[in-house]
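A.B. asks: Below you will find the structure I want to go over with you.
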Amino acid sequence: PPAGRVRTATTTARIARQPRPEPLTPLLGVGAILLAWWFLAQGVVPRAIQWLRVEPNEITLEEPYISRNIEFTRAAFALDRVEGREFEARERFDRSMVEGNPRIFENVRLWDWRALDAVYKQFQEIRLYYEFNDVDIDRYRIDGALRQVMVSGREMELENLAAGSQTFVNRHFKYTHGYGMTMAKVNEFTEEGLPNLLIKDIPPVSRDEELRVDRPEIYYGELTREYAVVNTEEAEFDYPKGDENAYVRYAGSGGVAMSGLWRRFVFGYKLGGTPLLLSGYPQEGSRIMYRRQVRERLQAVAPFLTFEADPYIVLHDGRLSWIVDAYTTSTRYPYSEPFRAVEDRGDGIPRPIDDATASEVRGANYLRNSVKAVVDAYDGSVRLFVYEPDDPVIRVWRRIFPDLFLDRDDMPETLRAHVRYPVGMLLIQGLVFAKYHMTDPAVFYNQEDLWVRATEKYYGHVQPVEPYYIIWEPPGSDSPEFILMLPFTPKNRQVLIGWIAGMSDPGSYGRFLAYKFPKERRVIGPQQVETKIDQDRHLSGQLTLWDQRGSRVIRGNVLAIPVAGTLLYVEPIYLQAETAAYPELRLVAAMYDDQLSYAQSFDDAIAGLYGEAAATAELSAAAPLADQVQRAQDALDRYLGALGERRFEASSDALAELASALQALKRGTTGADTAASTP
């Protein structure tokens with residue numbers, strides 16, 4: 001080989017001992033470079049752009065994104081359908097308004113649902129195993145007129161059975177169903193202060209032929225959590241009948257036939273275990289009913305829908321059915337703001353919303369009340385009626401399950417008349433609308449016109465106003481409408497700024513209205529009505545006296561009711577003695593603008609607003625009490641002062657005045673005691 005190219009054994013060995021480069025070293029170098037670029041791209045560069053470019057020109061640069069967020073969020077929560085209007089909020093209220101709007105004033109709700117629920121439980125549960133789960137508000141045609149009513153189904157609550165009666169046979173074979181319902185107008189009372197019931201007792205007794213109940217049995221309801229076996233050798237209890245009981249044999253198609261040993265084995269394995277498998281009561285023709293709780297049943301049929309937390313019972317064609325609102329949701333609607341299920345009440349502290357439906361749709365940025373579900377209380381049949389056929393989500397589900405859904409027009413008219421705008425839907429829409437009613441990007445960016453729910457003092461606690469149903473006549477219409485409404489105030493203020501409403505009647509169902517008050521007018525809010533009551537010397541004195549003498553004052557919902565361009569406030573006030581099981585209506589407070597009137601009846605309270613009755617006329621015992629206490633105190637002070645100064649004639653006069661004041665006070669207190677303890 002040429003010179004310099006000779007490789008000795010020593011050189012070869014030295015080369016072999018030198019370390020060779022690791023194959024991962026170049027990859028690590030590339031990774032370090034990428035990591036540095038990622039750090040710059042994710043951290044330094046965005047902050048630098050935000051600081052140097054965006055912040056000095058923020059509104060201009062973010063305007064297109066804010067505009068898209070507003071537009072798509074409003075569309076996602078169906079706020080693009082809103083019918084915005086201005087409410088005049090007149091300062092006039094007179095007899096002509098009352099006479100010209102009789103259907104509004106005869107439907108003002110004076111019964112609070114908690115108070116009425118206590119009365120129902122006391123007088124209409126009949127037996128300890130029956131239970132009224134809650135009270136729902138609806139409307140019915142009674143004597144040809146639309147009347148707002150409060151209804152409740154009488155369900156079977158097995159947990160109320162005596163401990164010795166909690167047997168396997170009683171829970172699954174004998175006590176299988178509830179029975180009937182109660183119904184009362186929202187504003188009628190008997191002379192004893194009880195509701196004037198339209199449907200009552202067992203078997204159901206109806207005051208009107210249109211309200212007859214032909215099939216009162218409730219096999220499927222809100223409280224039916226366990227399975228039941230019907231048409232067995234064990235007599236099935238139907239309803240109490242004097243000193244005896246009436247028994248029945250099921251005549252419907254609900255449940256599944258328990259024919260054959262194999263079915264008994266399967267149902268025993270899945271539901272009742274050995275007792276059901278070995279029981280000798282099932283026979284040919286026996287049927288087993290399970291998934292009888294309404295929402296549980298619906299979730300099993302359509303688990304892809306979100307169901308309203310509170311089903312409501314409806315009487316139609318002599319039968320009882322449950323109507324439940326169902327929602328379609330999504331988290332993938334572009335540019336739309338997710339619903340957080342919290343609200344700022346004006347103090348900067350986000351609080352969870354006390355509503356089950358709002359909690360269930362938390363995180364969704366698209367919402368539609370697409371389906372009305374109907375569950376028959378007797379046979380458990382489920383029908384799903386589509387009320388939003390253009391909803392893309394429900395259109396997909398209809399293609400997947402073509403036989404599951406029915407069209408809106410397929411719903412019988414007797415059921416359609418009781419469809420309501422759902423509380424959960426209006427509440428969620430209202431909370432989104434409180435922010436997204438601002439459509440100008442600059443105003444939205446600065447949050448210049450943020451709304452919050454109005455507040456009220458309800459059962460001793462200040463809380464946001466919940467959506468409530470009323471009968472209302474829209475401007476330009478001469479027919480009453482059943483609507484759901486919710487008032488709002490500006491952030492950190494108590495005056496009203498506007499209210500929203502959802503229409504419920506068949507001809508206008510789904511319309512979403514938003515009324516704003518003139519900015520140059522001050523319109524009082526519900527909390528200011530509460531303050532006005534607290535500051536009224538006579539009324540607050542009477543309420544304080546009642547609250548201290550073995551009874552409890554309960555202040556119901558403050559209802560803001562629009563009437564012919566005027567906003568009328570009505571608040572019922574109840575009194576419940578310590579020994580009483582239910583409260584009794586004692587006073588009704590009515591207010592518009594800054595005028596407050598109160599009396600023991602709604603008509604007198606309204607008359608007091610336009611000067612035809614003294615606002616305190618019905619409180620003959622209440623008004624003097626506060627004055628008499630002060631009079632007695634002043635007389636005692638004068639007596640002690642004159643006696644200390646040895647002015648015996650003056651002390652004698654003061655003592656006589658003290659005796660007179662105490663005697664008058666005794667008479668007034670006795671009257672208050674009598675009123676407080678009236679059953």
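A.B. asks: Of 141, 147, which residue is open to solvent by 50 Å² or more (accessible area, probe 1.4 Å) and part of a strand (DSSP E or B)?
C.D. replies: 141
A.B. asks: What pairs can you find where one residue is in region 153-174 and over 18 Å from residue 247 (Cα atoms), the other is open to solvent by less than 30 Å² (accessible area, probe 1.4 Å) and among the acidic types (Asp, Glu), and their Cβ atoms are less than 6 Å apart, with a gap of 6+ or different chains?
C.D. replies: Close Cβ pairs (under 6 Å, with a partner that is open to solvent by less than 30 Å² (accessible area, probe 1.4 Å) and among the acidic types (Asp, Glu)) do not exist here.
A.B. asks: Output the residue which, of all residues in region 183-210 that are of a type in the set (Gly, Ala, Ser) and in a strand (DSSP E or B), is surrounded by the most Cβ atoms within 10 Å (Cβ to Cβ).
C.D. replies: Per the criteria, the residue is 184.
A.B. asks: Give the residue, chosen from 402, 392, that is out of contact with any strand residue (DSSP E or B) (no Cβ under 8 Å at 6 or more places or on another chain), over 23 Å from residue 72 (Cα atoms) and either charged (D, E, K, R) or open to solvent by 10 Å² or more (accessible area, probe 1.4 Å) (or both).
C.D. replies: Sole residue among the options that is out of contact with any strand residue (DSSP E or B) (no Cβ under 8 Å at 6 or more places or on another chain), over 23 Å from residue 72 (Cα atoms) and either charged (D, E, K, R) or open to solvent by 10 Å² or more (accessible area, probe 1.4 Å) (or both): 402.
A.B. asks: Based on what the data block shows, is residue 480 closer than 23 Å to residue 71 by Cβ and in contact (Cβ under 8 Å) with a residue 60 or more places away in the chain? Reasoning before the result, please.
C.D. replies: Details: closer than 23 Å to residue 71 by Cβ: no; in contact (Cβ under 8 Å) with a residue 60 or more places away in the chain: yes.
Answer is no for this residue.
A.B. asks: Could you run through region 444-469 and say how many residues are among the hydrophobic types (A, V, I, L, M, F, W, C) and closer than 16 Å to residue 515 by Cα?
C.D. replies: Count: 4.
A.B. asks: I'd like the residue in region 161-202 that is under 26 Å from the mean Cα position of the chain (by Cα) and among the polar types (S, T, N, Q) and, out of all such residues, is farthest from residue 228 (Cα to Cα).
C.D. replies: 187
A.B. asks: I'd like the full set of residues that are among the small types (Gly, Ala, Ser) and in contact with a strand residue (DSSP E or B) (Cβ under 6 Å, 6 or more places away or on another chain), limited to region 61-88.
C.D. replies: The answer is 76, 84.
A.B. asks: Turning to a different aspect of this structure: Please indicate, with yes or no, whether at least one residue in region 284-307 is among the aromatic types (Phe, Trp, Tyr), in a strand (DSSP E or B), out of contact with any Leu (no Cβ under 9 Å at 6 or more places or on another chain) and closer than 30 Å to residue 387 by Cβ.
C.D. replies: Looking for residues that are among the aromatic types (Phe, Trp, Tyr), in a strand (DSSP E or B), out of contact with any Leu (no Cβ under 9 Å at 6 or more places or on another chain) and closer than 30 Å to residue 387 by Cβ, one finds none in region 284-307, hence no.
A.B. asks: For residues in region 272-283 being surrounded by 11 or more Cβ atoms within 10 Å (Cβ to Cβ) and in a helix (DSSP H, G or I), which is nearest to the chain's Cα centre (by Cα)?
C.D. replies: Ranking the qualifying residues of region 272-283, first place goes to 272.
Matching residues to (1) acidic (Asp, Glu); (2) under 19 Å from residue 65 (Cβ atoms); (3) crowded, with 18+ Cβ neighbours inside 10 Å; (4) in contact with an Asp or Glu (Cβ under 6 Å, 6 or more places away or on another chain):
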residue	(1), (2), (3), (4)
414	no, no, no, yes
418	no, no, yes, yes
422	no, no, yes, yes
427	no, no, yes, yes
433	no, no, yes, no
436	no, yes, yes, no
439	no, yes, no, no
448	yes, yes, no, no
452	no, no, yes, no
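A.B. asks: Right, something else. Take the conditions open to solvent by less than 40 Å² (accessible area, probe 1.4 Å), assigned to a loop (DSSP other than H, G, I, E, B) and without any contact (Cβ under 8 Å) to a residue 60 or more places away in the chain and apply them to residue 232. Does it pass? Talk me through it step by step, then tell me what you get.
C.D. replies: Numbers: open to solvent by less than 40 Å² (accessible area, probe 1.4 Å): yes; assigned to a loop (DSSP other than H, G, I, E, B): yes; without any contact (Cβ under 8 Å) to a residue 60 or more places away in the chain: yes.
Spelling it out, residue 232 is indeed open to solvent by less than 40 Å² (accessible area, probe 1.4 Å), assigned to a loop (DSSP other than H, G, I, E, B) and without any contact (Cβ under 8 Å) to a residue 60 or more places away in the chain.
A.B. asks: Need pairs with beta-carbon distance below 6 Å; first residue farther than 20 Å from residue 113 by Cα and within region 540-555, second open to solvent by 30 Å² or more (accessible area, probe 1.4 Å) and outside any helix (DSSP H, G or I); sequence gap 6+ or separate chains.
C.D. replies: Between residues of region 540-555 that are farther than 20 Å from residue 113 by Cα and residues that are open to solvent by 30 Å² or more (accessible area, probe 1.4 Å) and outside any helix (DSSP H, G or I), the close pairs are 550/578.
A.B. asks: Shifting gears a bit: Can you give me the ranges of the strands (runs of 3 or more DSSP E) entirely in region 348-460 with at least 1 residues that are of a type outside the set (A, V, I, L, M) and within 30 Å of residue 147 (Cβ to Cβ)?
C.D. replies: Strands (runs of 3 or more DSSP E) meeting the threshold: 366-376, 382-386, 405-407, 451-453, 455-458.
A.B. asks: Still on this structure, please answer the following. Keeping to region 509-534, report how many residues are of a type outside the set (Phe, Trp, Tyr), open to solvent by less than 10 Å² (accessible area, probe 1.4 Å) and under 29 Å from residue 419 (Cα atoms).
C.D. replies: Final tally of qualifying residues: 3.
A.B. asks: Return only the number of the condition from (1) surrounded by fewer than 22 Cβ atoms within 10 Å (Cβ to Cβ); (2) touching a strand residue (DSSP E or B) at 6+ places or on another chain (Cβ under 6 Å) that residue 116 does not satisfy.
C.D. replies: (1)
A.B. asks: Every residue in region 94-125 that is part of a loop (DSSP other than H, G, I, E, B) and charged (D, E, K, R), please.
C.D. replies: Passing the criteria: 94, 106, 109, 112, 125.
A.B. asks: Still on this structure, I have one more. If you go through region 66-93, how many residues are assigned to a helix (DSSP H, G or I), open to solvent by 70 Å² or more (accessible area, probe 1.4 Å) and in contact (Cβ under 8 Å) with a residue 12 or more places away in the chain?
C.D. replies: Of region 66-93, the ones assigned to a helix (DSSP H, G or I) are 66-76, 79-81.
When the remaining residues are screened for being open to solvent by 70 Å² or more (accessible area, probe 1.4 Å), the result is 68, 71, 80-81.
Within this subset, residues satisfying the condition of being in contact (Cβ under 8 Å) with a residue 12 or more places away in the chain are 68, 71, 81.
Adding up the residues that qualify gives 3.
A.B. asks: Output the residues belonging to region 489-507 that are closer than 25 Å to residue 419 by Cα and not in a helix (DSSP H, G or I).
C.D. replies: Residues satisfying the conditions are 499, 500, 501, 502, 503, 504, 505.
A.B. asks: Could you grab me the full set of residues in region 421-451 that are in contact with a helix residue (DSSP H, G or I) (Cβ under 9 Å, 6 or more places away or on another chain) and closer than 15 Å to residue 355 by Cβ?
C.D. replies: 422, 423, 424, 425, 427, 428, 429, 431, 432
A.B. asks: Moving on to the next point. Looking only at region 119-136, filter to residues that are within 22 Å of residue 219 (Cα to Cα) and of a type in the set (A, V, I, L, M); which one of those is surrounded by the most Cβ atoms within 10 Å (Cβ to Cβ)?
C.D. replies: Top of the filtered list is 135.
A.B. asks: Can you list residue pairs whose Cβ atoms sit under 7 Å apart, with the first residue in region 332-345 being farther than 9 Å from residue 76 by Cβ and the second being small (Gly, Ala, Ser) and outside any loop (DSSP other than H, G, I, E, B)? Count only pairs 6 or more apart in sequence or on different chains.
C.D. replies: 341/358; 341/359
A.B. asks: Look at region 377-389 and say how many of its residues are out of contact with any Asp or Glu (no Cβ under 8 Å at 6 or more places or on another chain) and open to solvent by less than 10 Å² (accessible area, probe 1.4 Å).
C.D. replies: Counting residues in region 377-389 that are out of contact with any Asp or Glu (no Cβ under 8 Å at 6 or more places or on another chain) and open to solvent by less than 10 Å² (accessible area, probe 1.4 Å) gives 2.
A.B. asks: Could you grab me the full set of residues in region 653-666 that are at pLDDT 70 or above and open to solvent by 70 Å² or more (accessible area, probe 1.4 Å)?
C.D. replies: Scanning region 653-666 gives 655, 662.
A.B. asks: Still on this structure, I have one more. Being under 31 Å from the mean Cα position of the chain (by Cα) and either at negative phi or of a type in the set (Phe, Trp, Tyr) (or both): is that true of residue 269 here? Let's see the steps before the verdict.
C.D. replies: Details: under 31 Å from the mean Cα position of the chain (by Cα): no; either at negative phi or of a type in the set (Phe, Trp, Tyr) (or both): yes.
In short, no.
A.B. asks: Additional query: Looking only at region 321-354, which residues are within 20 Å of residue 462 (Cα to Cα) and open to solvent by 30 Å² or more (accessible area, probe 1.4 Å)?
C.D. replies: 342, 344, 345, 347, 348, 349, 350, 351, 352, 354
A.B. asks: For residue 100, all conditions in the list (1) under 23 Å from residue 481 (Cβ atoms); (2) without any contact (Cβ under 8 Å) to a residue 40 or more places away in the chain hold save one; what is the number of the exception?
C.D. replies: Checking residue 100 against (1) under 23 Å from residue 481 (Cβ atoms); (2) without any contact (Cβ under 8 Å) to a residue 40 or more places away in the chain, the one that fails is (2).
A.B. asks: When you go through 284, 217 one by one, which is the residue that is out of contact with any Phe, Trp or Tyr (no Cβ under 6 Å at 6 or more places or on another chain) and acidic (Asp, Glu)?
C.D. replies: Going through 284, 217 in turn, the sole match is 284.
The values are calculated or read from the model by the stated rules, or taken from the named source; none is laboratory data. Please read these numbers as outputs of a predicted model, since none were measured by experiment. Here Cβ is always computed from backbone atoms with ideal geometry, including for glycine, and neighbour counts include all displayed protein chains. Only protein heavy atoms, including side chains, enter the accessible area calculation; ligands, DNA and RNA are left aside. Shrake-Rupley method; radii C 1.70, N 1.55, O 1.52, S 1.80 Å.
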